[in-house]
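What follows is a single structure, written as structure tokens, with notes after it.
Just so it is clear, none of the values below were taken in a lab; they were calculated from the coordinates. Please read all numbers here as calculations on a predicted model, not as lab measurements. When we count neighbours, we look across all protein chains shown, and the Cβ atoms used for this are built from the backbone with ideal geometry, even at glycine.
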């Protein structure tokens, strides 16, 4: 597969970017067709919620629901194409050092966190919207995310049970981007509800025009 699936000179390559995401916060970056999108758990045992919106049409976005139907699976595995609400592949998973991710759980929000006794923190939903606003983007409704490094068990009776987080410091996933998009990554709260994993910690999100060394 050509690096960017486009005929580009070095001067025309899209910009690479690397951003550290503080614990409990979110950041938004642009990712372009053919680039590699990397998300790293810097300290371990930290879920990352991933949202992606098509750059040229904010009505089209990464959809876990359509991905499950498209792939006939609720498990995110190597080689899986993540698709949009219009069933177009937006990225494909090419590298994964953890293998516990979730395509079912919704993003946390301030209302849920408040119900758990946390009244002074925002959820991934609000954090993602705030990150988008920093790019001048406002969405009337935030789509559901893909929950990276989040370990959720689905049993034979259909029950969803949070399990112990397994990622270690430096664990990561790597996607090939197939459509120009805005990616939002949030460091999720992990000491509320069914988890007791301590305070949220930092993540790193970056794009690359080549295979990292």
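Worth pointing out:
- Ranked list, fewest to most other Cβ atoms within 10 Å of each Cβ, for 19, 177, 121, 184: 19, 121, 177, 184
- Tensor-based shape of segment 87-155 (alpha-carbon gyration tensor, a/c under 1.5 rounded, otherwise prolate or oblate): oblate
- In degrees, nearest ten, helix 124-133 long axis to first principal axis of the chain (Cα): 40
- Listed residues 96, 41, 57, most fluctuating in the chain (Gaussian network, C-alpha, under 10 Å): 57
- Taking label points 7 Å from Cα along the Cα-to-Cβ direction, residue 57 and residue 209 give a separation of 2.8 nm.
- Two-site FRET efficiency, residue 135 against residue 156, from Cβ-Cβ distance with R₀ of 45 Å, rounded to 0.05: 0.55
- A simple packing score, the average count of other Cβ atoms within 10 Å per residue, orders the peptides 161-174, 27-40, 131-144 as 27-40, 161-174, 131-144, with the highest score first.
- Residue 65 versus residue 85: modelled label distance in nm, points set 7 Å from Cα along the beta carbon direction: 0.8
- Largest GNM mean-square fluctuation among 115, 63, 71, using the chain with Cα springs under 10 Å: 115.
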